[in-house]
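This report refers to the structure that appears directly beneath it.
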Amino acid sequence: MSRLASTFAEFKKTGHKALIPFITAGDPNPDFTVPMLHAMVDAGADIIELGIPFSDPMADGPVIQHASERALKHDMSLRRTLEMVTEFRQTNQTTPIILMGYANPVEAMGYTAFADAASKAGVDGVLTVDLPPEEAQECADLLNAHAIDQIFLLAPNSSVERIKKMDKIGSGFLYYVAVKGVTGAGHLDTEDVKRKLVDIRANTNLPIGIGFGIKEASTAAEISTLGDAVVVGSALISKIAANLDAPETAKNEIVKLLTSMRHAMDQQV
């Protein structure tokens with residue numbers, strides 16, 4: 001059983017809802033990332049999503065696009081991102097880490113080499129935005145052989161057939177995109193999320209993480225009553241962008257926001 005699967009299995013017993021923050025590796029500089037990962041765990045993060053910087057992050061809005069641009073200025077890469085996971089694992093062997101990125105860097109490394117390197121680094125899940133389930137079987141098989149989960153993005157307009165396909169090939173959890181469009185876009189309609197989750201739950205037993213559009217504690221708390229995990233990204237990256245000359249301030253503000261989300265979510269249990 002993967003670390004992600006065992007984490008969600010334990011949470012199911014207790015009713016605990018996972019908080020999954022996202023930051024981009026190397027943003028605003030490489031020295032910021034690993035200490036920030038530890039700080040997020042201390043603030044109540046249960047699972048961490050770490051973005052692999054990429055030059056054409058087509059599913060991301062301006063906030064996360066700019067985060068990739070800042071990281072790439074420091075020569076960040078997939079290999080350097082894996083090195084950061086390795087460093088994190090030196091003192092944290094329990095918090096699952098998911099890599100989120102695009103197919104190009106993985107294909108450049110090679111699926112087999114990537115699966116091996118990710119396993120050695122301590123990665124628990126991989127979400128490749130532009131690798132649909134129809135094309136993901138080879139990668140999923142290689143990752144699963146290393147107890148790494150292949151995670152898929154589920155859109156608001158995903159058909160029942162597509163949900164079943166993601167359920168068959170994917171593992172760990174399904175990431176439901178609660179807002180149409182790119183990351184950080186639009187208004188999150190919780191009633192619409194609630195309606196869509198009925199169809200999703202009917203066609204998968206995988207846990208459901210919900211993200212896109214979650215910006216404050218009250219929304220995180222409300223969404224936590226619907227899914228198994230709450231994913232927050234752009235709201236955190238915005239703190240970094242607003243404090244590029246004061247990364248410690250950015251770190252403190254991210255911790256403050258995550259702490260408030262964790263408290264609000266725990267009040268719903």
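Go through M84, M76 for me and flag whichever is of a type outside the set (S, T, Y), within 27 Å of V255 (Cβ to Cβ), surrounded by 15 or more Cβ atoms within 10 Å (Cβ to Cβ) and touching an Asp or Glu at 6+ places or on another chain (Cβ under 9 Å).
Numbers: M84 fails: touching an Asp or Glu at 6+ places or on another chain (Cβ under 9 Å).
Being of a type outside the set (S, T, Y), within 27 Å of V255 (Cβ to Cβ), surrounded by 15 or more Cβ atoms within 10 Å (Cβ to Cβ) and touching an Asp or Glu at 6+ places or on another chain (Cβ under 9 Å) holds for just one of M84, M76, which is M76.
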> Is it true that some residue in the stretch 50-65 is farther than 21 Å from V126 by Cα and at pLDDT below 95?
Replying inline: yes
> For the stretch 227-262, what are the residues that are touching a residue at least 60 places away in the same chain (Cβ under 8 Å), of a type in the set (G, A, S) and surrounded by fewer than 23 Cβ atoms within 10 Å (Cβ to Cβ)?
Replying inline: S238, A241
> Here are some conditions: (1) surrounded by fewer than 21 Cβ atoms within 10 Å (Cβ to Cβ); (2) modelled with pLDDT under 95; (3) not in a helix (DSSP H, G or I). A147 meets all but one. Which one does it not meet?
Replying inline: (2)
>> Which count do you get for residues in the stretch 51-75 that are touching a helix residue (DSSP H, G or I) at 6+ places or on another chain (Cβ under 6 Å), in a loop (DSSP other than H, G, I, E, B) and of a type outside the set (V, I, T)?
In response: 4
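Residue-wise test of (1) aromatic (F, W, Y); (2) crowded, with 22+ Cβ neighbours inside 10 Å; (3) part of a loop (DSSP other than H, G, I, E, B).
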| position | (1), (2), (3) |
| --- | --- |
| L4 | no, yes, no |
| A9 | no, no, no |
| I20 | no, yes, no |
| I23 | no, yes, no |
| G26 | no, yes, yes |
| F32 | yes, no, no |
| A39 | no, no, no |
| G44 | no, no, yes |
>> List pairs: first residue in the stretch 206-221 and closer than 11 Å to P21 by Cα, second residue at pLDDT below 90 and assigned to a loop (DSSP other than H, G, I, E, B) anywhere in the structure, Cβ distance under 7 angstrom, at least six positions apart or on different chains.
In response: G211/A178; I214/L188
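The values are calculated or read from the model by the stated rules, or taken from the named source; none is laboratory data. Because the structure is predicted, anything quoted here is derived from the model rather than measured. Please note: Cβ atoms are built from the backbone with ideal geometry, for glycine as well, and neighbour counts cover all protein chains shown.
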